[in-house]
Amino acid sequence: MSAAPVSVYRLPGFLPFLIARIVVVFAVQIQAIVVAWQVYDLTRDPLSLAYVGLAQFIPMLVLLMPAGDLIDRYDRKLILMLSWLVEGLCAAALLWLSLSEAAVSWYYAVLVLYGCGRAFTGPALSSLLPQIVPRERLAAAIAANSMIMRGATISGPVIGGGLYAIGGGGLTYSVCLACFLAGSALLPLVPVRYAEKMQALEATAWARFTAGIHFIRTRPIILGTISLDLFAVLLGGVIALLPIYAQKVLEVGPTGLGLLRSAMAIGEVSVGLYLSMKPFNRHVGLVMFGAVALFGVANLVFALSSLFWLSFAALVVAGGADMVSMYIRSSLVQFSTPDTMRGRVNAVNMLFIGSSNELGEFRAGTSAAWFGVVPAALIGCACTLTVTGGWMLGFKSLRRVDRFEDASPNKAA
């Protein structure tokens with residue numbers, strides 16, 4: 001076997017895959033900020049923003065399981081390309097609606113179709129990556145992928161706001177359409193070198209849909225990894241509380257709020273860049289638990305701080321710890337899952353991630369309304385640390401994982 005390349009970015013096909021994902025993430029983030037602005041501008045009703053999220057979330061919730069099944073049975077690259085083309089079609093429809101000054105109900109209809117495309121995108125992307133890069137370079141590829149995605153997530157809304165200010169919905173949705181088409185055009189340049197041979201799956205659709213859930217339930221390493229992410233973010237996230245902290249606790253105004261929003265991203269991108277160049281592969285179970293605990297402690301410092309510089313630094317540390325945790329969690333799920341199950345397992349994982357983000361914001365907001373902002377943040381941090389300790393005791397096999405390869409299905413069995 002030939003020696004591994006010095007850099008993961010030199011792997012054949014990985015750079016076109018990464019560029020394709022960057023431009024599509026830009027389109028997703030730009031479109032998200034602009035369509036929310038337009039819908040609110042048309043209705044002047046805050047509840048309309050809830051409908052924007054609901055129109056996209058419901059089809060994703062319904063289609064994630066069937067999407068995982070199809071991804072495990074057919075060409076993942078083709079499915080990903082088709083999902084991006086559907087999202088591009090939605091960008092074109094939003095462009096037409098923006099120019100024709102249509103009713104807001106048509107925006108919701110387009111977003112439902114957009115949610116259908118998004119249900120296939122996430123699991124297909126996660127399942128395709130291990131077929132592009134060799135197993136020994138997978139962890140570094142995951143780190144690079146996570147770092148790039150986070151960077152695009154940060155800058156996308158800023159670019160979207162600027163484009164909308166310059167040219168309105170016509171210019172913005174045109175750029176989104178071009179990005180979706182560009183990403184789809186780049187996928188044929190990505191060779192699939194490490195795909196395993198397709199195998200016969202369960203006979204009935206219900207058995208295939210539920211196979212991913214059963215697989216996760218019977219694999220403590222995957223179950224512990226995914227559930228730890230779910231509860232740590234659900235209980236301990238402070239992002240939803242930042243506007244209140246900026247206004248009432250730190251008294252820094254909207255400019256300070258923008259800096260606080262960027263602090264975690266700075267930590268995530270910095271650590272992700274380092275991990276993509278120098279990935280580690282020892283004591284990964286203990287390091288993951290340590291990173292989640294550090295995430296909770298950093299948020300605890302933020303919750304108690306009344307100094308802007310200390311709050312900013314705490315969020316940077318929290319972002320870096322979250323990136324380490326994300327790097328290990330994603331790698332463990334990929335290494336623990338056979339190629340024939342990746343679509344269904346990643347579909348369940350995407351459902352957990354989406355639930356933790358959406359419900360976490362709801363939890364933070366309601367806790368702040370009931371107890372006050374600082375007590376709500378403290379309660380969340382305490383819950384994160386408690387969950388981390390409980391999971392360390394309850395999932396001993398996860399705690400004992402030394403190398404990513406130790407989580408492979410054969411060794412786990």
Inset, instruction - Could you give me the radius of gyration and the Dmax of region 204-412, taking only the C-alpha atoms into account and expressing both in angstrom? - result: 17.9, 59
Inset, instruction - Heavy atoms only, probe 1.4 angstrom, no DNA, RNA or ligands counted: give me Glu268, Glu251 ranked by accessible area, highest first. - result: Glu251, Glu268
Inset, instruction - Stick to the Cα atoms of region 1-192, pair each with every other, and give me the Kirkwood hydrodynamic radius in Å at one decimal. - result: 17.4
Legend entry - Derived scalar couplings ³J(HN,Hα) [region 339-349; Karplus, 6.51 cos²θ - 1.76 cosθ + 1.60; whole Hz; x for Gly, Pro]: 4, 6, 10, 4, x, 6, 5, 5, 5, 5, 4
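Between Thr218 and Leu89, what length in nm is gained on full extension when 0.36 nm per residue of separation is reduced by their alpha carbon distance?
On the way: separation 129, 0.36 × 129 = 46.44 nm, distance 3.96 nm.
Between Thr218 and Leu89, full extension yields 42.5 nm more.
Quickly estimate the mean residue ellipticity at 222 nm for the chain, helices only: each DSSP H run with n ≥ 4 gives -39500 (n - 2.57), and the total goes over all residues, rounded to 500. All intermediate terms of the calculation are to be shown ahead of the outcome.
Working: 14 runs with 325 residues, N = 413.
Result for the chain, helices only: -27500 deg cm²/dmol.
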Inset, instruction - Using only protein heavy atoms and a 1.4 Å probe, report how much of Tyr327 is accessible, in Å² to the nearest 10. - result: 0
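How far, in nm, would the chain grow between Val62 and Ser7 when pulled straight, counting 0.36 nm per residue and subtracting the alpha carbon separation? Provide the component values of the computation, followed by the final result.
Values: separation 55, 0.36 × 55 = 19.80 nm, distance 3.92 nm.
Stretched out fully, the Val62 to Ser7 stretch lengthens by 15.9 nm.
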Legend entry - Per-residue HN-Hα couplings for region 186-196 [Karplus 6.51, -1.76, 1.60; θ = phi - 60°; Hz; x = Gly/Pro]: 7, 4, x, 7, 9, x, 9, 9, 10, 7, 7
Legend entry - Of all accessible heavy-atom area on the chain, the percent that carbon and sulfur account for (1.4 Å): 69
Inset, instruction - With N denoting the number of residues in the chain, provide Rg(C-alpha) divided by 2.2 N^0.38 Å, to two decimal places. - result: 0.97
Legend entry - Arg193 accessible area, 1.4 Å probe, all protein chains in place, Å² to nearest 10: 140
Inset, instruction - At a temperature of 37 °C and a viscosity of 0.692 mPa s, determine how fast region 16-86 diffuses translationally according to Stokes-Einstein, using the Kirkwood radius over alpha-carbon pairs as Rh; express D in µm²/s, rounded to the nearest whole number. - result: 230
Inset, instruction - Mind grabbing the accessible area of Asp402 for me, 1.4 Å probe, Å², rounded to tens? - result: 40
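Using the Cα gyration tensor of region 109-161, with a ≥ b ≥ c the square roots of its eigenvalues, what is the shape: rounded (a/c below 1.5), prolate (a/b larger than b/c) or oblate (neither)? It would help to have the intermediate numbers written out before the result.
Working: a/c = 5.03, a/b = 1.41, b/c = 3.56.
Oblate, since a/c reaches 1.5 and b/c is not below a/b.
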Legend entry - Unit charges at the beta carbon, dipole of region 1-192: most positive-side option, Thr172, Ser7, Gly151: Ser7
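The values are calculated or read from the model by the stated rules, or taken from the named source; none is laboratory data. Keep in mind it's a predicted model, so treat the numbers as computed, not measured. Cβ sites come from the backbone with ideal geometry, for glycine too, and all protein chains shown count toward neighbours. Note: accessible area is taken over every heavy atom of the protein model, side chains too, but ligands, DNA and RNA are not part of it. Shrake-Rupley method; radii C 1.70, N 1.55, O 1.52, S 1.80 Å.
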